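K.L.:
Take this structure, written in structure tokens, and hold onto it; I'll ask about it next.
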Amino acid sequence: SKLAALFDHPLYNFPIPEVTEKDKLFVVNPMEKFSLHSSGSDEWVSNSKAETLLPTGKTAYDTYPTWLKFHVGINRYELYPRRDPLMPILLQDLATQRIVSSVQKSGGTQLKLIMTFPNYGQALFKPMKQTRDQETPADFFYFSDFERHNAEIAAFHLDRILDFRRIPPVSGRLVNITKEIRDITTDKKLAKTFFISPAGNVCFYGECSYYCSTEHAICGKPDRLEGSMAALLPDKTLAKRRSWRSPWRRSYHKSKKAEWELNPNYCAQVRETPPYDRGHRLLDLIDMTILDFLMGNMDRHHYETFEKFGNDTFLLHLDNGRGFGTHSRDEPSILAPLQQCCSIKKSTYLRLQLLATQPFRLSDLLREALATDPLAPILAEPHLRALDRRLGKVLAAVGRCLAA
């Protein structure tokens, strides 16, 4: 396994700083037992006055479902550990746990559902919009592109291979539209949008600002539908997150350019602006830029951080559905932060160099990682080959900075 060899490599075994209590997202009472008594909300509840004793040798933590263990494990430095024994279990849960509720997620430009499991775990479901071999037409603006379920799956594994570990776990899943969405939804607005197509397939379209109409309906075959299931982060009432507008955000206008596209010295003013004027925030943003360039994602207008950790923490790489839309062309403007600032973390640069070598070729590693997903193959071969080409361009950009 190339993947196992990669994770054994010294570059993937730098220790993170010691995690103190204040570095943990949640401080857990070791006597608190997880309880499935409904609290009348979708949040987990705990029962410290447990009527039953725990089995010998078991701690209260052992009673937590996997999704809750994932939440409890989040700290200032990483969303999950490199060698996380929970990860395969959590991915399996996302792919197989019984769905007890499906409602549409509010907001956003395209249809997404929140699905709930019997143990109160929740996942964000993005349905299939585009086949593996389709490319986004060259005349499409980035802001009118589809969100792709397979891009969400591939982004999670790519983020892990790059050792960022800033994307919540995502698994592919085949869902029955009739039994696992239509028949169990309590969302009246969503329920009104189901219909049977002329081909006899079950379809629905929900309510949203872009692609929610009969012309853009999601249809099963006849009611089986592919989608991505992403583990939800802790509710914002329990762990506040802050949304940051990216300094290299695009204009989202058909003819206007953003300031960074017009000013070659734009990075100088970013470096003087909080929170980029100290710490590693700018370098973290450049990490995210490299991830986006490799995927071809032009839609990174905002990013989030956990408020508890202030400026000294990682960026969450959420909403990656507009990646992997094209393989035949690259978008150099995505790399603007790297090119304009000529800065990169040494650890990131060394890992990128490693991923360009024959034993650890990036396309081979991602192909191996994606082969374990229930919906494999996740990416068409040209998308995997494009990764190696784009990685070469990132390294060339760093090379130009070093030579300057």
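The values are calculated or read from the model by the stated rules, or taken from the named source; none is laboratory data. Since this is a predicted model, take the numbers as computed values, not measurements. Cβ coordinates were reconstructed from backbone atoms using ideal geometry, including for glycine residues, and neighbour counts include every protein chain displayed. Side chains included, ligands, DNA and RNA excluded: accessible areas come from the protein's heavy atoms. Shrake-Rupley method; radii C 1.70, N 1.55, O 1.52, S 1.80 Å.
K.L.:
For residues that are more than 12 Å from TYR77 (Cα to Cα) and either polar (S, T, N, Q) or in the same structural domain as LEU354 (by the TED database) (or both), tally how many sit in the stretch 12-25.
P.N.:
1
K.L.:
Given the structure, is THR289 touching a Pro at 6+ places or on another chain (Cβ under 8 Å), open to solvent by 40 Å² or more (accessible area, probe 1.4 Å) and farther than 30 Å from THR116 by Cβ?
P.N.:
no
K.L.:
Tell me whether the stretch 230-251 contains one or more residues that are in contact (Cβ under 8 Å) with a residue 12 or more places away in the chain and under 30 Å from PHE195 (Cβ atoms).
P.N.:
Yes, some residue in the stretch 230-251 is in contact (Cβ under 8 Å) with a residue 12 or more places away in the chain and under 30 Å from PHE195 (Cβ atoms).
K.L.:
Only one of these conditions is not met by LYS240: (1) within 25 Å of ALA336 (Cβ to Cβ); (2) of a type in the set (D, E, K, R); (3) within 24 Å of the chain's Cα centre (by Cα). Which number is it?
P.N.:
Condition (1) is where LYS240 drops out.
K.L.:
Kindly provide the set of residues from the stretch 357-386 that are buried (at least 17 other Cβ atoms within 10 Å of the Cβ), touching a Ser or Thr at 6+ places or on another chain (Cβ under 7 Å) and part of a helix (DSSP H, G or I), ordered by number.
P.N.:
LEU384
K.L.:
I'm told THR237 meets every condition in (1) open to solvent by less than 60 Å² (accessible area, probe 1.4 Å); (2) under 14 Å from HIS71 (Cβ atoms); (3) β-branched (Val, Ile, Thr) except one. Can you identify the failing condition by its number?
P.N.:
Every condition holds for THR237 apart from (1).
K.L.:
Can you find a residue that is in contact with a helix residue (DSSP H, G or I) (Cβ under 6 Å, 6 or more places away or on another chain), of a type outside the set (S, T, N, Q) and closer than 22 Å to TYR61 by Cβ anywhere in the stretch 152-163?
P.N.:
No.
K.L.:
A follow-up question, please. Can you find a residue that is among the aromatic types (Phe, Trp, Tyr), surrounded by 21 or more Cβ atoms within 10 Å (Cβ to Cβ) and assigned by the TED database to the domain that holds LEU365 anywhere in the stretch 204-227?
P.N.:
no
K.L.:
Which is of a type in the set (Lys, Arg), at negative phi and loosely packed, with under 14 Cβ neighbours inside 10 Å, of LYS308, LYS254?
P.N.:
Of LYS308, LYS254, the one residue that is of a type in the set (Lys, Arg), at negative phi and loosely packed, with under 14 Cβ neighbours inside 10 Å is LYS254.
K.L.:
Take the residues in the stretch 276-324 that are over 16 Å from the mean Cα position of the chain (by Cα) and of a type in the set (Gly, Ala, Ser); name whichever of them is nearest to LEU162 (Cα to Cα).
P.N.:
Residue satisfying both the conditions and the ranking: GLY279.
K.L.:
Surrounded by 15 or more Cβ atoms within 10 Å (Cβ to Cβ), at pLDDT 70 or above and under 19 Å from the mean Cα position of the chain (by Cα) - does that describe any residue in the stretch 51-62?
P.N.:
no
K.L.:
Considering the stretch 327-356 alone, what residues qualify as being among the hydroxyl-bearing types (Ser, Thr, Tyr) and crowded, with 19+ Cβ neighbours inside 10 Å?
P.N.:
Passing the criteria: only THR348.
K.L.:
Pick from ARG389, ARG385: which is in contact with a helix residue (DSSP H, G or I) (Cβ under 8 Å, 6 or more places away or on another chain) and of a type outside the set (Asp, Glu)?
P.N.:
The match here is ARG385.
K.L.:
For the stretch 387-404, name all the residues that are assigned to a helix (DSSP H, G or I), open to solvent by 10 Å² or more (accessible area, probe 1.4 Å) and over 22 Å from SER328 (Cα atoms).
P.N.:
GLY399, ARG400, CYS401, LEU402, ALA403 - these are the residues of the stretch 387-404 that are assigned to a helix (DSSP H, G or I), open to solvent by 10 Å² or more (accessible area, probe 1.4 Å) and over 22 Å from SER328 (Cα atoms).
K.L.:
On to the next question. Pairs only if they're at least six apart or on different chains, beta carbon under 7 angstrom, first in the stretch 327-349 and without any contact (Cβ under 8 Å) to a residue 60 or more places away in the chain, second of a type in the set (Asp, Glu); list them, first residue then second.
P.N.:
ILE334/ASP292
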